[in-house]
Amino acid sequence: MNSETLDTIDSTSLEAARRAANGERGPLWLRAVRQTAGRGRSGRDWDSPEGNLHATLLMPVADDPARSALHSFVACLAVADTLDFMSGAPARIALKWPNDVLLDGCKVAGFLLESGLTNTGRWLSIGIGINLAHAPAETRWPAISVAGATGLAAPASGATLDILAPAMQARIEQFTAGGFPSIRTDWLARAARLGEIVEARLPTETVRGRFETLDDDGAMLLQTGTGTRRIHAADVHFPGEADASGH
């Protein structure tokens, strides 16, 4: 895949959208040394200091937004593969539904997926932030950096992308060849709190239940006292631990 490094920019995801509007199809990686307006899921700010990885993959996709959204699980696995390689300790990495990567139980990476349709077809951008050198303070969910977790010098963001890009390509090829069932199996093998009680916080209610599995559309299935609930979008909280609704 082609890649381009930008010095300072508002957001690699915003830049990907601008490129797509101007006819860029990709696949193209955009990496920023520093972002001034990084964004996370649900419109939240994303701290973007120099030393962390701020990158977005712009790629063409079929005209199926629901299938495109499943690339969040693809990206989670690619980042987990990358962190496995860098940390040398796969057991320390877990995936938190819907699209966070945890290192030692703390958030180390997050994602932002956006898509659009132009006269050349539908595009998808996969924004990825990895805390390599710095972790944001005072977040609702505890955050950690790779350097803080390993006690070693932070990996360079460019070198990290050199590992992430082929890992992502491999996971995209897996998704293309085997569909979501293959990705789902691998994601569940690394799922945080699978088989345990979690809370899914929706705008109007909190659903508490046992995290059973993922449905074939990526929804979280919770076994509650009144049956199985399908959760499509929510902030997930692990009872007894920090609030999971923030950065």
Within region 110-140, tally of residues that are in a loop (DSSP other than H, G, I, E, B) and under 22 Å from Ala78 (Cα atoms):
5
Residues Arg229, Arg184: which one is within 16 Å of the chain's Cα centre (by Cα) and within 30 Å of Ala62 (Cα to Cα)?
Arg184
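Looking at the structure I just gave you, is Leu57 in contact (Cβ under 8 Å) with a residue 12 or more places away in the chain, farther than 18 Å from Phe211 by Cβ and either surrounded by 22 or more Cβ atoms within 10 Å (Cβ to Cβ) or among the aliphatic types (A, V, I, L, M) (or both)? Can you show your working first?
Values: in contact (Cβ under 8 Å) with a residue 12 or more places away in the chain: yes; farther than 18 Å from Phe211 by Cβ: yes; either surrounded by 22 or more Cβ atoms within 10 Å (Cβ to Cβ) or among the aliphatic types (A, V, I, L, M) (or both): yes.
For Leu57, the condition - in contact (Cβ under 8 Å) with a residue 12 or more places away in the chain, farther than 18 Å from Phe211 by Cβ and either surrounded by 22 or more Cβ atoms within 10 Å (Cβ to Cβ) or among the aliphatic types (A, V, I, L, M) (or both) - is met.
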How many residues does region 15-38 hold that are farther than 17 Å from Ser115 by Cβ, of a type outside the set (A, V, I, L, M) and assigned to a loop (DSSP other than H, G, I, E, B)?
2
What pairs come up if the first residue lies in region 168-189 and is in contact (Cβ under 8 Å) with a residue 12 or more places away in the chain and farther than 17 Å from Thr82 by Cβ, the second is hydrophobic (A, V, I, L, M, F, W, C) and outside any helix (DSSP H, G or I), and their beta carbons are under 7 Å apart, counting only those six or more places apart or on different chains?
Phe180/Leu70; Arg184/Leu214; Leu188/Leu194; Leu188/Leu214
Name every residue in region 141-171 that is part of a loop (DSSP other than H, G, I, E, B), loosely packed, with under 15 Cβ neighbours inside 10 Å and not small (Gly, Ala, Ser), in order of residue number.
Leu152
Could you please tell me which pairs satisfy a Cβ distance under 9 Å, a separation of 6+ or placement on different chains, a first residue in region 204-225 that is within 14 Å of Trp97 (Cα to Cα), and a second residue that is of a type in the set (Phe, Trp, Tyr) and part of a strand (DSSP E or B)?
Met220/Phe211; Leu221/Phe211; Leu222/Phe211
Identify all residues within region 208-225 that are charged (D, E, K, R) and not in a loop (DSSP other than H, G, I, E, B); write none if there are none.
Arg208, Arg210, Glu212
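Looking for whichever is of a type outside the set (Val, Ile, Thr) and surrounded by 16 or more Cβ atoms within 10 Å (Cβ to Cβ) here; the options are Gly209, Gly225. Which one fits? Give the steps one after another, and end with the answer.
Working: Gly225 fails: surrounded by 16 or more Cβ atoms within 10 Å (Cβ to Cβ).
Answer to the check: Gly209.
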For region 151-158, state whether one or more residues are in contact with a Phe, Trp or Tyr (Cβ under 7 Å, 6 or more places away or on another chain) and more than 30 Å from Asn2 (Cα to Cα).
no
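Quick note: the coordinates plus some simple rules give every number you see, no bench work behind them. Quantities reported herein were computed from a predicted structural model and do not represent experimental measurements. With ideal geometry, Cβ positions are generated from the backbone for all residues, glycine too; neighbour counts draw on all protein chains shown.
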